[in-house]
1. Is there any pair with a first residue in region 82-94 that is of a type in the set (Val, Ile, Thr) and a second that is open to solvent by 40 Å² or more (accessible area, probe 1.4 Å) and in a strand (DSSP E or B) whose Cβ atoms are under 9 Å apart and which are 6 or more apart or on different chains, and what are they?
2. Inspect region 300-308 for any residue being under 27 Å from the mean Cα position of the chain (by Cα), closer than 19 Å to Asp174 by Cβ and open to solvent by 30 Å² or more (accessible area, probe 1.4 Å) and give the result as yes or no.
3. Go through the residues of region 216-237 one by one and say whether even a single one is among the acidic types (Asp, Glu), open to solvent by 10 Å² or more (accessible area, probe 1.4 Å) and over 20 Å from Val304 (Cα atoms).
4. Quick one: how many residues across region 107-117 are farther than 14 Å from Pro87 by Cα and touching a residue at least 12 places away in the same chain (Cβ under 8 Å)?
5. Suppose we filter Lys234, Lys209 for residues that are among the basic types (Lys, Arg) and more than 23 Å from Arg274 (Cα to Cα); which single one remains?
6. Restricting to region 113-147, name every residue that is assigned to a strand (DSSP E or B) and open to solvent by less than 70 Å² (accessible area, probe 1.4 Å).
7. If a residue counts only when it is under 22 Å from Glu146 (Cα atoms), which helices (runs of 4 or more DSSP H) contained entirely in region 207-313 have at least 3 such residues?
8. Going through region 155-173 one residue at a time, which ones are open to solvent by 50 Å² or more (accessible area, probe 1.4 Å) and touching a Pro at 6+ places or on another chain (Cβ under 7 Å)?
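The values are calculated or read from the model by the stated rules, or taken from the named source; none is laboratory data. For clarity, every value in this text was computed on a predicted model and none was experimentally measured. We place every Cβ from the backbone using ideal geometry, glycine too, and count neighbours over all the protein chains shown. Please note that ligands, DNA and RNA were not included when accessible areas were found on the heavy atoms of the full protein model with its side chains. Shrake-Rupley method; radii C 1.70, N 1.55, O 1.52, S 1.80 Å.
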Amino acid sequence: MAANNRRMSGKKGAQVGSGGQRRRGLEGKGPTPPAEMRKGHKKNRIATAKAKQAQRRPVARGRGGKGTSEMVVGRNPVVEALREGVPASTLYVQQFIDNDERVREALQLVAERGGINLMEAPRPELDRMTNGLNHQGLVLQVPPYEYAHPEDLAAAAADEGEDPLIVALDGVTDPRNLGAVVRSVSAFGGHGVVVPERRAAGMTAGAWKTSAGTAARTPVARATNLTRALESYKKAGIAVVGLAADGEHEVGDLEALSGPVVIVVGSEGKGLSRLVGETCDFRVRIPMPGGAESLNAGVAAGIVLYEAARQRS
């Protein structure tokens, strides 16, 4: 044991050193990171602010519920839907289909857009999917639309530091009118559209097509009860302006359009429902020297949105 101790005691013990720090200190730190990633740099502050704004800005879609999936049937409708950017999850193509120009364009558009599944199916299966409609060998599946909540539209305006400019539709059942309103809201800097949950047009493929792609950036909210949604807007300090043929104010004279406002448009035939009309703070009319009895919802909304944008500029 003593011999072992002598042998061990003769070994060199641990030495105090740099631990490799001097060597690492001589090594380079790699390429200089871009300005956006350097803390304290002006571009870094701008990028950070934009990131925070992006986290707040997107409308929380889904709080208003989802619609139902939809099938676009037929060669021309499918090609038109793909051209207009209608959201799609799957393109079904009949087996042994005659490969004409429309089929080739549909396949090309799906390849260019990406993210759309391409499925081949026998004719009986497509007949079953479409309940026997004349699908001509092409069926496009449109996923359910995720609606925003009415409160999200006002919140998005607040995030941008702007007065809310919203359109609510009362009894409008034609999806093409909804699409036209969405397009007008986008054109005049509005913050979204509110539709009732029942007895109203929803964001179908037809509405997407009419919106000419603007539905991708202009949210549509769905309200369980439109009257209650309007009352909630009023409590938040937003004026509710209804369009009516016998309105007390002309649209060009209403100063309320220059501030936070919800414009309510009724159906072409019946106009505003009784409860919605009673909820409005103002009822305005659009003067029509030509003598037309009424305008469709898309045209009427566009006129009032233009006047609101003019007053705000």
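1. Within 9 Å, the pairs are Thr90/Asn117; Thr90/Leu118; Thr90/Met119; Thr90/Gln141; Val93/Leu118; Val93/Met119; Val93/Glu120.
2. Going residue by residue through region 300-308, those that are under 27 Å from the mean Cα position of the chain (by Cα) are 300-308.
Then keep just the ones that are closer than 19 Å to Asp174 by Cβ; that gives 300-305.
With open to solvent by 30 Å² or more (accessible area, probe 1.4 Å) added as a condition, the list becomes 303.
Yes - at least one qualifying residue is present in region 300-308.
3. Of the residues in region 216-237, the ones among the acidic types (Asp, Glu) are 231.
With the extra rule that they be open to solvent by 10 Å² or more (accessible area, probe 1.4 Å), the set shrinks to 231.
Applying the additional criterion that residues be over 20 Å from Val304 (Cα atoms) yields 231.
The answer is yes, given that some residue of region 216-237 is among the acidic types (Asp, Glu), open to solvent by 10 Å² or more (accessible area, probe 1.4 Å) and over 20 Å from Val304 (Cα atoms).
4. Here the count works out to 1.
5. Lys209
6. Ala121, Leu138, Val139, Leu140, Gln141, Val142
7. Numbers: elements: 226-235, 274-279, 297-312.
Qualifying helices (runs of 4 or more DSSP H): 226-235.
8. Within region 155-173, just Asp163 meets the criteria.
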